[in-house]
Each structure stands twice: as C-alpha cells, then as structure tokens.
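Structure first, commentary second.
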C-alpha cells in the first residue's frame, strides 16, 4: 500500500509502524476510554498481531497519528471439526476527537478494505454502529449465523463479503487465528 496524502484535508493514510504504537494507544485511550479492553472484540485480539499489512494510521501534516484502524485474522463460525471461514475482524477504528468530522475514519475504512481485498481476504466482520458502517457495505444480515465470544449487540454485529458468498455456510462462534504476539521474556544479565 502506498501512503496517500489527501490534499484537501491534509492528512495521510499510511501503514502503522513500530514508532506509532504509543501514539496509537494514547489516541485509543482518548477516543474510547478504558472500557475498550472489556469488549468481546478484545478477546479476539488479545495476544495476537494484526493481519499482515492491515494496521493503518492517519497522520496529520506534521506526521502525528490522528487516526487508526487494524484488522485481525479470525475463523468465522468454527464448527465441531474446528473449521471455520477465514475472515478479518475490523477494529478498533478511531480518530482523535479534535480531528473528527474531516473524513479521516472513512478514508481509513476505504484504505483498509481495499488492502484486505488486494490481499485476497474473503470477508470482514466488526461490531459497530450500522448507521455508520452500512455505507461501506457492512450489514447484520451477513453475520446472522455468527456470534462473538462474549456479550455483543446483535444489530451491531456486521459483515462485509469481499468475495461473494464467502460467509454463506459460516455459522457459530468467531475464534482468533493468525500470528501470535511474542511476549518479551525476562532479560538475562550480561
């Protein structure tokens, strides 16, 4: 993905890098608060890395992180055989409060979905406000046979098929998949 500067709004959508982690976490704390760690979506993200190439940020003209979105590998509708449809879970999507209303969230969504499609993914799921996400093609109907691994509001559990019919046979609970985060072990004295 090439970084793209929006000339009208003066922000850039770019890949997240290691130097963005602290700024991203601070932005999420301000935009979403501590309650973000108690959500069912967090259970699917805990201990995992975002899907390859699918952690994006928006930067202002000075290079500061003002928006973030990540997508995570999941198995949608794991059945008794442990098989499910590979999919992505989107979230969190957040924009710094002082930059809301400038189209940054929409730009991040479009970039993330285009990158997911380019990488061959079949579907994206999320928990969010239908009033916002339906304009990107997300609908509760596509996720009707799927459940989150904890409390969630059915009307807010949405899906977008990047490949027609990808979720047609998916039914059951979402489980995490993909790369595990490597925990830093204890350091040995030199």
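Please treat every number below as a calculation from the coordinates, not as lab data. Computed from a prediction, not measured in an experiment: that's the story for all the values here. All Cβ positions, even for glycine, are placed from backbone atoms using ideal geometry, and neighbour counts span all protein chains on display.
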Cβ-Cβ FRET estimate between residue 62 and residue 32, R0 fixed at 22 Å, reported to 0.05: 0.40
Would you mind computing, in nm to one decimal, how far apart the modelled labels at residue 155 and residue 140 are, each placed 7 Å from Cα along Cα→Cβ? 0.6 nm
Would you please give the FRET efficiency between residue 10 and residue 131, computed as 1/(1 + (r/R0)^6) with r the Cβ-Cβ distance and R0 = 22 Å, to the nearest 0.05? 0.20
GNM on the chain, C-alpha springs below 10 Å: top fluctuator among 31, 168, 159? 168
At a Förster distance of 30 Å, what's the computed FRET efficiency of residue 147 paired with residue 117, Cβ-Cβ distance as r, to 0.05? 0.75
I'd like the distance between the alpha-carbon centres of region 13-68 and region 75-137, rounded to an integer number of Å. 14 Å
Please build a GNM for the chain, connecting alpha carbons under 10 Å apart, and tell me which residue among 151, 86, 176 fluctuates the most. 151
Using the Cα gyration tensor of the chain, the equivalent ellipsoid's semi-axes, largest first and to the nearest Å, work out to 26, 22, 16
For the chain, built as a Gaussian network whose Cα springs stay under 10 Å, the top-fluctuating residue of 54, 28, 108: 28
Express the relative contact order of region 4-176 as a whole percentage, based on alpha carbon pairs under 8 Å and six or more residues apart in sequence. 24 percent
